[in-house]
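The values are calculated or read from the model by the stated rules, or taken from the named source; none is laboratory data. Just so it is clear, the structure is predicted and the values come from calculations on it, not from any experiment. Positions of Cβ are backbone-derived with ideal geometry, glycine not excepted, and every protein chain shown enters the neighbour counts.
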Amino acid sequence: MGKFLTALIIIILTGLTANAQRAYAYRNTNYSDEIVKAVIESSKEFDIPTGLIISVMRVESDFNVNAVSPKGAIGLMQLMPATAASIGVNPYNPVQNIIGGVYYLRYCLNLKDGNIALALACYNAGPNGGVPEETYNYIKNIVQYYKEISR
């Protein structure tokens with residue numbers, strides 16, 4: 001991974017420190033370092049570009065570790081509780097949320113034969129559903145941000 005992308009990840013995710021420390025104050029840990037590490041290691045382990053992970057995270061939660069959607073999706077990667085349970089991660093833990101989200105994104109990529117747009121639709125709307133109108137905008141936003149940070 002290029003130095004620019006690593007620096008960008010650190011800059012983006014460093015903003016998470018305040019939220020992570022409030023949410024996990026019982027631990028004397030700087031979660032931003034752990035979050036950056038989780039993104040980089042998950043990228044390698046699940047063979048998904050770091051920029052795509054960052055783009056999904058931005059659109060899903062705008063980098064808010066405490067994000068909860070109206071439908072009940074949780075955390076940075078906006079995992080549904082049932083999905084998190086099936087993967088075996090705690091969606092309230094930002095590191096586990098990232099690992100679970102990237103794992104699920106890889107599952108969607110495999111299911112959709114590597115087609116990123118279809119995998120993103122799977123991630124957003126579920127593996128068996130159609131593509132709701134809101135999902136088209138979701139995909140467009142991720143692709144646009146991914147192109148911006150991949151230059």
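Which residues, taken from region 78-91, are under 13 Å from the mean Cα position of the chain (by Cα) and not hydrophobic (A, V, I, L, M, F, W, C)?
Scanning region 78-91 gives 78, 91.
Here is the figure for region 75-87: residues that are farther than 13 Å from residue 105 by Cα, of a type in the set (A, V, I, L, M, F, W, C) and buried (at least 23 other Cβ atoms within 10 Å of the Cβ) total 1.
Results for (1) of a type in the set (S, T, N, Q); (2) in a loop (DSSP other than H, G, I, E, B); (3) at pLDDT 95 or above; (4) in contact with a Pro (Cβ under 8 Å, 6 or more places away or on another chain), shown as yes or no for each residue.
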{"residue": "7", "(1), (2), (3), (4)": "no, no, no, no"}
{"residue": "21", "(1), (2), (3), (4)": "yes, no, no, no"}
{"residue": "27", "(1), (2), (3), (4)": "no, yes, no, no"}
{"residue": "34", "(1), (2), (3), (4)": "no, no, no, yes"}
{"residue": "45", "(1), (2), (3), (4)": "no, no, yes, no"}
{"residue": "56", "(1), (2), (3), (4)": "no, no, yes, no"}
{"residue": "60", "(1), (2), (3), (4)": "no, no, yes, no"}
{"residue": "71", "(1), (2), (3), (4)": "no, yes, no, no"}
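In region 38-74, the qualifying residues are those that are among the acidic types (Asp, Glu) and surrounded by fewer than 18 Cβ atoms within 10 Å (Cβ to Cβ), and the one that is nearest to residue 134 (Cα to Cα) is 62.
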